[in-house]
Structure formats: C-alpha cells, structure tokens
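These notes concern the structure reproduced below.
Since every read-out is calculated from the coordinates, none of them should be taken as a lab result. All values derive from a computational prediction rather than experimental measurement. Methodologically, a virtual Cβ is constructed for each residue, glycine included, from the backbone with ideal geometry; neighbour enumeration extends over all protein chains shown.
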Amino acid sequence: MEDLVKQMLAQTQMLQEALAKQAQESREERERAETKAREDRERAETKAREDRERLEAQLREERERAEERFAALLAKQTGTVPAQNGEQLLISTLSNRIELFNYLPEEDLYFQVWYKRYGEIFEEDGKEVSDPAKARLLVQKLGTTAVPVGQSACFGVNQPKAYLEHRLDRMTPRQFHRISEGV
C-alpha cells in the first residue's frame, strides 16, 4: 500500500507539476497576448498620431498656399485696379441717389431747385470724387428736357448742351454751388 501511496503521491506531484506548468504556460501566453495587444495598440496610436500630424501638416501647407494665392489675388486686384474704380463705384452710388433733372418751368422745377435738393450729395457725399467726375455725373443727370434745344435757359446761359458739358467738366464744386444759386 505504501507503494500505492507513493505512486499516488508521485502522480499527484506530477499532476501538480503539470498543472503548474500549464498555469505558467497560460500566464506566459496571457502575458504574450497582453504584450502583443499593448504593442498593437501603441502601433495603432503611433500610426494615428503620425497620420494626424501628416494631415495637419498637409492642411497647414494647403492653408498657407491658399493664403498665398489669396494675397497674390488681392495684390493683383489692388495693384491693377486703378484708383478711379473706387471713384466710379462712389459715382455709381451717388447716381442712384440723384433723380434725373428735367427743366419744367410750369412746375417751378428749375436747376436751382433741383440742385438745392441734390447739391449736398454732390458736395458732401461726393467730396472724394474729382470735380470733372462730378461734372460728368451732373451732365448724366440732365434729362432730355433739362436743356431746351440749342439753349441753356434753365441755367441762365444761352449755350448749346455740348458747350455746357464741356464747361461743366472744368467746374469746381464752388462753381456748381454758384450755378445752383443762380449766380
């Protein structure tokens, strides 16, 4: 029986050793799996970080190129657009605010009355506009009945409209004001 007990003890010890070995192998396998998972996670995080950094660099480069293109376009526009375009825009704005003048003596619509109404637009709002441009705007606002054929009676001048346009091109704001007062 002693042999049997020894044999059973030996088998138990072998089983314990086998179980310990199996447990050790299991721990080692779990550690290897955890290590592999950690390495995979770190690789994935590293790759994601590298991808994010690469994408951010690409976006930064694209933004810089876009800013350069925008700056070049802006420089091109501001460099090639004559200063007069700003004046033309202002003239267009002023023109939209000023009604057409038609000489209607029966309704007491003389140039002086019309100019009293719109003179401030010419003089104050249009102070950045050159005098010849103001004169052209004024001539544009003369309706077909503004100047009777061959006469400029509404201005107190007996001159054709072509001469009036020529003269208005050379007028100063003070001269406009004097016309509006009938001087």
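Remarks
- Here's the list of lysines a cross-link from K134 could span, going by alpha-carbon distance under 30 Å and ignoring same-chain residues fewer than 8 apart: K76, K116, K161.
- Förster radius 30 Å - calculated FRET efficiency between K76 and Q140, Cβ distance, rounded to 0.05: 0.45
- 3J(HN,Hα) couplings calculated from phi for the range 31-40 with the Karplus curve 6.51 cos²θ - 1.76 cosθ + 1.60 (θ = phi - 60°) are, in sequence order, 5, 4, 5, 5, 4, 5, 5, 5, 5, 4 Hz; Gly and Pro show x.
- For L104, the amide hydrogen comes within under 5 Å of the amide hydrogens of L109, counting only partners 5 or more places away or on other chains and with H modelled in the peptide plane.
- Dipole magnitude (debye, nearest 20) for the range 1-81, charges at Cβ of Lys, Arg, Asp, Glu: 480 debye
- Whole-Hz ³J(HN,Hα) from phi, Karplus 6.51 cos²θ - 1.76 cosθ + 1.60, for the range 110-125, glycine and proline x: 9, 4, 4, 5, 4, 5, 4, 6, 10, x, 5, 5, 5, 7, 8, 5
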